[in-house]
Amino acid sequence: MGKKHTFKEWMIAVRPWSFPASGMPVIVTLAYLFWAGHQIEWGYGIWALVNIIVFHAAGNTWSDWFDFRKKVDAGDTFGARTITSGMFTPGEIMKLSVCLLAVAVAGGIGLFLLTGWPLLWIGLGGLACALLYPFLKYVAAGDFVILSAYSILPAAGTSYAAAGEIDWSVLWIAIPVGLITVAILHINNLRDISTDRRAEISTIAMKLGGRASVFLYDFEILFPFFWVFGCALGNIFPWWTLAVFLSAFPALQNVRASIRYGKAGNEAIADLDEKTARLQLLFSLIFALSFFAAAFITPPLA
């Protein structure tokens, strides 16, 4: 009989702290569509939110199983240690991943049947990202997959599911949210350069090296603020969205920590992936709330 696991252990296995990366693009998209004057089917929007989080959990466990199998994760690696610590066996993580994926696929099919064909193609794109991510991240393409899976596809899919059409203007909000999400992966890869090199895989952080990788990370978490400011200045966003600058302080703290990498090494950025996830959550929540506030106070521009 296999070992019985606690609820806390199952939560550790799916890494819920990472869920804002997938959930917040949906929430911000719904807020943007509401401000833009679309008639929102909120039930479908919430369905899309839950479904992408389940997909994300499936992707997390699938990636952990694959990393262990390819010897990318070992006893001395950072990040998820659900298998390397002995908490779960590889078989248990694989079964969990398959179950989560089955639930997500079933949910996606149900939403597609209630909406239309465009959602099927978007969903298949998301499924491909989840399944192929472990392969693509080994050849320095993981950052691009994350930008697609947790930014562009969720924004387009949520638009179609909740508003009945793909309003491509949602990409204006997908870019800043998506860049901070990519930064979570990038800083994780910077921290793991030595163990990834041992496993003979390639990431953008490895190709750029430490100094350039720090610069890229800082760009990914600071440029979203300038993007929102530019969009507000260009009347693409309401001025209320400048409230995202309330999250600038933790962003600058993260920049300060990343700069210390040159002298302190991994010690300086050991938990920066989790701090970046919290930044993404804070930035996105304020971003979404600003659209809701503007919808009640300032009408959208034609």
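Values as computed for the structure displayed
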quantity: Count - residues of segment 1-37 that are assigned to a helix (DSSP H, G or I) and either under 19 Å from residue 48 (Cα atoms) or not charged (D, E, K, R) (or both); calculated: 25
quantity: In segment 223-241, the residues that are part of a helix (DSSP H, G or I) and without any contact (Cβ under 8 Å) to a residue 24 or more places away in the chain; calculated: 226, 229, 230, 232, 233
quantity: Selection count where residues are surrounded by 21 or more Cβ atoms within 10 Å (Cβ to Cβ), in contact (Cβ under 8 Å) with a residue 60 or more places away in the chain and more than 20 Å from residue 69 (Cα to Cα), scope segment 186-208; calculated: 3
quantity: Residue, modelled with the highest pLDDT, within segment 136-153, restricted to residues that are within 17 Å of residue 67 (Cβ to Cβ) and not hydrophobic (A, V, I, L, M, F, W, C); calculated: 143
quantity: From 147, 153, 136, 132, residue being in a helix (DSSP H, G or I), under 27 Å from residue 291 (Cβ atoms) and out of contact with any Leu (no Cβ under 9 Å at 6 or more places or on another chain); calculated: 153
quantity: Residue match in segment 225-247 (condition: surrounded by 14 or more Cβ atoms within 10 Å (Cβ to Cβ), more than 24 Å from residue 297 (Cα to Cα) and not aromatic (Phe, Trp, Tyr)); calculated: no
quantity: Selected residue (only one of 203, 241, 195 is within 19 Å of the chain's Cα centre (by Cα) and among the polar types (S, T, N, Q)); calculated: 203
quantity: Subset of segment 260-277 [surrounded by fewer than 17 Cβ atoms within 10 Å (Cβ to Cβ) and either touching a residue at least 40 places away in the same chain (Cβ under 8 Å) or within 20 Å of residue 27 (Cβ to Cβ) (or both)]; calculated: 262, 266, 270, 274
quantity: Single condition residue 79 does not satisfy, out of (1) of a type in the set (Gly, Ala, Ser); (2) under 28 Å from residue 173 (Cβ atoms); (3) modelled with pLDDT under 95; calculated: (2)
quantity: Residue within segment 200-207 that is in contact with a strand residue (DSSP E or B) (Cβ under 7 Å, 6 or more places away or on another chain), under 26 Å from residue 270 (Cβ atoms) and not in a helix (DSSP H, G or I) present; calculated: yes
quantity: Close pairs (6 angstrom Cβ cut-off, 6 or more residues apart or separate chains): farther than 17 Å from residue 119 by Cα in segment 157-179, surrounded by 24 or more Cβ atoms within 10 Å (Cβ to Cβ) and among the aromatic types (Phe, Trp, Tyr) anywhere; calculated: 173/32
quantity: Test for residue 291: is it part of a loop (DSSP other than H, G, I, E, B), touching a residue at least 12 places away in the same chain (Cβ under 8 Å) and buried (at least 17 other Cβ atoms within 10 Å of the Cβ); calculated: no
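Residue by residue, here is whether (1) farther than 23 Å from residue 19 by Cα; (2) at pLDDT 90 or above holds:
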{"residue": "68", "(1), (2)": "no, no"}
{"residue": "72", "(1), (2)": "no, no"}
{"residue": "75", "(1), (2)": "yes, no"}
{"residue": "86", "(1), (2)": "yes, no"}
{"residue": "100", "(1), (2)": "no, yes"}
{"residue": "106", "(1), (2)": "no, yes"}
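The values are calculated or read from the model by the stated rules, or taken from the named source; none is laboratory data. Quantities reported herein were computed from a predicted structural model and do not represent experimental measurements. As a convention, Cβ positions derive from the backbone with ideal geometry for all residues, glycine included, and neighbour counts pool all protein chains shown.
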